[in-house]
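What follows is a short report on a single structure.
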Amino acid sequence: MTPAGKKAQSKKSGARKTTAGRKRKAPVLAPLGPVGRLGHFAARNARWVFVVWAIVAIGLGFFAPKAEKALSGAGWEATGSESVEARDKIFNGGGGGSYGFQVVVHSESQSAGEPDFEAVVARTEEILDRSDAVAAVVPPTAGQSISRDGHTVVVAAVAAKDPNEMVSAADELKGELIAAGTNGVRVELTGAAGMWSDFNEANLEAMLKSELISWPVTLAILVIAFGSLVAAGLPLMLTIVGLMAAAGTLYLGAQLFDISIWAMNFALMFALALGIDYALFIAMRFRNAFFGQGHTAEDAVADAMDTAGKAVLFSGLTVLISLSAVMLVPSPAFKSMALGIMVSVVFVLAASLTLLPAVLAKLGARVNAIGTPWVRAGEHRSELFARWGETLWRRPIVFGLAALLVLVALTLPVLKLDTGMPSIKVVPEEDTSRQGYDLVQAAFGPGYPGALQVVTPADEVDRTEAVLARDPGIAQVSSAQPLPRADGEEVIVAVPTDDPSSDRLKATIDRLREELPPQALIGGPAAENHDLETALADTTPLAIGVVLVLGFLLLLVAFQAPLVALLGVVTNLLAVGAAFGVAKWIFQDGNLSGLLGFESQGFLNAWGPIFFFAMIFAIAMDYTVFLLSSAREHWEEQGDPKAAMVGSLAHSGRVILAAAGVMVAVFFTFALSGPLPPKEMGVILGVAVFLDAFLVRLLLLPVLLRLTGKWAWYLPHWLDRVLPDIHFGHGEVSKGARAAGTPPRRQRAEKS
């Protein structure tokens, strides 16, 4: 290439400038810690890093397309609960359990006994009888499964497989069953298996639709944030690699135990969110070291990883800690969902610490290729955010109090938040399980879809039937049926008077458990939902406490300052509380239901508090680590509270704003999805990220650093002897930092 061509290429890519034809001498790289050395190693051995990740991505990616079919659709139960014990006894005893099919045959013009109607019933029974998921077909019976007007009948199918396999069977059978209807006679598949089949299918379609919308939006925002199409592709690279590896791992895991299909959905979302955050933070620091400071590409990678990479590592650990609390919920669906997200986080984190450094080292100046007019070559410090930091330093009370009042006002509605297990309203109205559910309720009463299955010893049948018959919450009691493979146990079906999702039915279940014989067990889908809701209510306080304590300890280890760790956790709580306050106003009270296109259940789904809390707290900790790591770096270098606060905003504010903008856009696309749960997820997480970024990380937390001054960074000597030695900056710790409690023994050359 000619000298003129080289000059043009250098100008276009934002390469380092020269003076009088002489290249600026690259600065000496400061001593590196473990994360910096890992980044340096990856940069120097980029080819081998690419080979290893190619093997991982291709090897696990081979199984990724199969993950959707291998993952299960059920698992929404409380392990070890009475209802699950009852279901297992019925299933093992030959009674079929609670995941059998209810197939509704209905006609407005014909009724049971007429030729066309009976022909449809016969075809329905034949389809069910051919399925290996059906142990026996129970024809319609007068007085029990044939309505009084004869226009609606229910063909029951006894489950021959476990709940997950019954949901899969429902996926395969519902189309054929619907097609069995003819001449004005409809066939609809409902029941627990049918409902979860429809819900999972609608949820998957909604997630895919949201992803199709969010990816172009994400790329556009990333191009604006990075100023370069090549740099904007880095987060997407991490997302794709992490997701392929996570999906393949989930498929392999599904061969050993049940993993919910939701694990895949959430893994996709978190892989994208964290890939954006981590790539932004590391790549911007790399560009500063390479273009701004004049380091070689390999040294710039090492510098970026020694600072931003360390923050990314701690951020990933906080995310994993927050999500690990969900594993405390005694439910297969919850455990596998948390597991799926954690797997994706591990792969994205690993790629951020190894693959991303290797790619950046190979790109060098080309990281700014295909740039926009506003591409920032080496600008790491934002003067706009520096001025914002100066404003907050001068007037902390005014801005801090305003932010606090808004967050508290949004949090107060949480005191009146109600929760409940998802009702049939989470299934789209046009789906077969929703259609069949409505037909059954209209023909047999509101409690028919939530029939209770009571397992009782044979010598307690009379007493059990008497208790059920006189209970005001029970509309109908069937005769006891012996379990063929059980020794001396029988099952009684009791139809409640109330809808399966009503509080009155929950009260009926609790009352019956007090009055029935001690050995009697109450099961059925409604009882399983009630037991899971109870388990969630019992587990949520513990899980939240674990997240808070572990989050505080990790921040304490990372930033070596108890007060800073406490401020980080408390401000995270404010962001979470405000998001749930907005969720109560929208989803429980029904505001904006017309705009968002949903039917309010009158409560928030019971799994929301613990699951969304963990997710919101994880994302909030992500931004907390980014801001505080920058503040800690400036504090170590200058020992000046103002430099720490203003510098943290100047150097991390733009990254936080860009990452939050992408995530808000991504999450809000889920608000466009069909089923209610994705809408809840999208709105709650989107609002949480918006409030956390704009009111907490870029306003309230800096104000608190201003008000606490040097005491924010104080570390008692006794605690210093316990904590590992962690630093985020280069060079020896300043005298000002030492005077505030950072011991003189801390030398940058010995950093961890």
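The values are calculated or read from the model by the stated rules, or taken from the named source; none is laboratory data. Since the structure is predicted, the reported quantities are computational estimates derived from the model, not experimental observations. Cβ coordinates were reconstructed from backbone atoms using ideal geometry, including for glycine residues, and neighbour counts include every protein chain displayed. Remember, those area values only see protein heavy atoms, side chains included, never the ligands or the DNA or RNA. Shrake-Rupley method; radii C 1.70, N 1.55, O 1.52, S 1.80 Å.
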Pairwise label distance in nanometres, residue 599 with residue 381, each label 7 Å out on the Cα-Cβ vector: 5.9 nm
Positive dipole terminus of the chain, leading residue within 648, 76, 199 (C-beta point charges): 648
Protein-only accessible surface order, largest first, of 510, 198, 459 at 1.4 Å: 459, 510, 198
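In Å², and per residue, what accessible area does the chain have when probed at 1.4 Å with the other protein chains present? Please report the intermediate quantities before stating the final value.
Details: 28760 Å² over 752 residues.
Normalised by residue count, the accessible surface of the chain is 38 Å².
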Kirkwood hydrodynamic radius over Cα pairs of the range 546-624, then Stokes diffusion coefficient at 4 °C and 1.567 mPa s, in µm²/s: 93 µm²/s
Normalised per residue, the volume of the convex hull around the Cα set of the range 294-434 (Å³): 264 Å³
Crossing angle, helix 115-130 versus the chain [Cα axis fit, 0-90 degrees, rounded to tens]: 60 degrees
Debye log10 I(q)/I(0) at q = 0.11, 0.20, 0.22 Å⁻¹ for the range 208-308, Cα point scatterers: -0.43, -0.98, -1.09
Relative counts (whole %) of C-alpha pair distances in the range 480-541, using bins that are 10 Å wide: 19, 46, 28, 7, 0
MRE, 222 nm, helices only [DSSP H, n ≥ 4, -39500 (n - 2.57), over the chain, to nearest 500]: -19500 deg cm²/dmol
Translational diffusion of the range 362-462, µm² s⁻¹ [Kirkwood Rh, Cα pairs; Stokes-Einstein; 20 °C; 1.002 mPa s]: 97 µm²/s
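Could you list the square roots of 5 times each eigenvalue of the Cα gyration tensor of the range 83-165, that is, the equivalent ellipsoid semi-axes, sorted largest first and rounded to whole Å?
Numbers: eigenvalues 145, 38, 15 Å².
Values for the range 83-165, descending: 27, 14, 9 Å.
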DSSP-defined beta bridges in the chain - what % are antiparallel, rounded to 5: 90 percent
Kirkwood Rh in Å, taken over all unlike Cα pairs in the range 299-339: 11.8 Å
Relative packing of peptides 467-478, 429-440 - highest average C-beta neighbours within 10 Å first: 429-440, 467-478
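Show me 269-282, 288-301 ranked by packing, highest mean number of other Cβ atoms within 10 Å first. Before the final figure, lay out each step's value.
Numbers: 269-282: 27.7, 288-301: 22.7.
Per-residue Cβ counts within 10 Å, averaged per peptide and sorted highest first, yield 269-282, 288-301.
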Size of electric dipole in the range 255-313: Cβ of Lys, Arg +1 and of Asp, Glu -1, about Cα centre, debye, nearest 20: 140 debye
With every protein chain in place, the range 282-354: carbon and sulfur % of accessible area (1.4 Å): 74 percent
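Rg over Rh of the chain, using C-alpha atoms and the Kirkwood radius, what does it come to?
On the way: Rg = 29.9 Å, Rh = 28.3 Å.
Here Rg/Rh amounts to 1.06.
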Per residue, the convex hull volume that the Cα atoms of the range 120-204 enclose (Å³): 99 Å³
Crossing angle, helix 432-444 versus the chain [Cα axis fit, 0-90 degrees, rounded to tens]: 40 degrees
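Mind pulling the per residue volume of the convex hull built on the Cα atoms of the range 549-676? Å³ is fine. Don't skip to the answer; put the middle values down first.
Values: hull volume 14.1 nm³, N = 128.
Convex hull volume per residue, Cα atoms: 110 Å³.
For the range 415-510, which whole-number percentage of the solvent-accessible area (1.4 Å probe, protein heavy atoms only) is attributable to carbon and sulfur atoms?
Numbers: 2000 of 4320 Å².
Ligands and nucleic acids excluded, carbon and sulfur reach 46 percent.
Roll a 1.4 angstrom probe over the protein heavy atoms and tell me the percent of accessible area of the range 46-178 that is carbon or sulfur.
Details: 3370 of 6100 Å².
The computed percentage sits at 55.
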Fraction of alpha-carbon pairs over 22 Å apart in the range 425-580 - percent: 58 percent
